[in-house]
Amino acid sequence: MLARIKNGYDRLGGWFAEAALFVLLAATFFTVANAIARQFHSPVGGATEIISYSAAAIIALSLAYSQAMRVHTVIDVVSEHMPKTARDITRSIVLLIASVVFLIASWEMISLAMSWQRMGLVSETLRIPHYPLLIAIGVGIALFGFRVALDSVGYLAESLGGARRKRDE
């Protein structure tokens with residue numbers, strides 16, 4: 001059951017990662033086009049805003065995928081010396097705490113977006129509303145938080161399963 005949920009979630013994270021790749025490619029082409037336009041003294045107005053929005057979107061869209069693929073850095077100086085069951089339980093607890101923190105951050109980001117929507121805040125140069133980007137970031141952080149929670153449950157199930165197997169032997 002947990003494996004099916006993770007597979008579905010990984011597929012969703014993959015779609016978000018593909019969207020991040022599309023945004024990255026678009027931002028790259030835009031930056032090159034703007035650099036060329038600068039040579040002719042006609043740069044694109046608001047280029048900094050567009051690239052900043054793109055960078056935020058890329059990060060938010062790729063968080064869940066990076067967690068699923070384990071491409072982040074893990075420092076396990078202490079846990080590498082623990083028995084596997086203790087290490088898995090410790091990882092599960094740490095991931096559960098991290099999941100709660102990320103889900104709270106997501107909630108706060110979306111709340112901020114709704115507040116900024118009511119205030120009508122827009123970017124300075126292009127007058128683009130901020131709230132859609134904040135919602136996208138909030139959703140990306142939420143997907144990341146849920147993926148971290150799934151990993152936490154996975155480590156806990158693995159540690160309990162390992163403890164059960166040792167007890168049965």
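The values are calculated or read from the model by the stated rules, or taken from the named source; none is laboratory data. From a predicted model like this one, the values you see are computed outputs, not experimental measurements. Note that each Cβ is placed from the backbone with ideal geometry, even for glycine, and that neighbours are counted across all protein chains shown.
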Note on region 103-117: residues surrounded by 14 or more Cβ atoms within 10 Å (Cβ to Cβ) and either closer than 22 Å to Ala157 by Cα or of a type in the set (Asp, Glu) (or both) are Leu103
So is Ala149 under 20 Å from Trp107 (Cβ atoms) and either touching a Leu at 6+ places or on another chain (Cβ under 8 Å) or buried (at least 20 other Cβ atoms within 10 Å of the Cβ) (or both) or not? yes
Just checking, does region 118-128 include any residue being assigned to a helix (DSSP H, G or I) and crowded, with 20+ Cβ neighbours inside 10 Å? no
Let me confirm something: among Phe29, Phe16, which residue is modelled with pLDDT of 85 or more and over 30 Å from Tyr155 (Cβ atoms)? Phe29
Subset of region 12-38 (residues that are surrounded by fewer than 13 Cβ atoms within 10 Å (Cβ to Cβ) and farther than 30 Å from Ala142 by Cβ): Val32, Ala35, Ile36, Arg38
With the structure loaded, tell me whether His41 is part of a loop (DSSP other than H, G, I, E, B), surrounded by fewer than 16 Cβ atoms within 10 Å (Cβ to Cβ), of a type outside the set (D, E, K, R) and touching a Ser or Thr at 6+ places or on another chain (Cβ under 8 Å) or whether it fails that test. no
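Hey, does region 79-102 have a residue that's touching a Leu at 6+ places or on another chain (Cβ under 6 Å) and either modelled with pLDDT under 95 or not in a helix (DSSP H, G or I) (or both)?
yes
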Residue in region 37-53 that is under 17 Å from the mean Cα position of the chain (by Cα), of a type outside the set (Val, Ile, Thr), within 26 Å of Ser106 (Cα to Cα) and modelled with pLDDT under 95 present: yes
Which listed residue is in contact (Cβ under 8 Å) with a residue 60 or more places away in the chain and under 19 Å from Ile135 (Cα atoms), from Ile50, Ile89: Ile50
Which numbered condition in (1) in a helix (DSSP H, G or I); (2) closer than 25 Å to Phe146 by Cβ; (3) free of Cβ contacts under 8 Å to residues at least 12 places away in the same chain is the only one that Ala60 fails? (3)
Which condition number does Asp88 fail, the rest of (1) closer than 19 Å to Leu21 by Cα; (2) touching a helix residue (DSSP H, G or I) at 6+ places or on another chain (Cβ under 6 Å) being met? (1)
Condition broken by Ala142, with the remaining ones in (1) surrounded by 15 or more Cβ atoms within 10 Å (Cβ to Cβ); (2) more than 25 Å from Ala27 (Cα to Cα); (3) not basic (Lys, Arg) satisfied: (2)
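Do the conditions hold for Ser115, that is, is it at pLDDT 90 or above and hydroxyl-bearing (Ser, Thr, Tyr)?
yes
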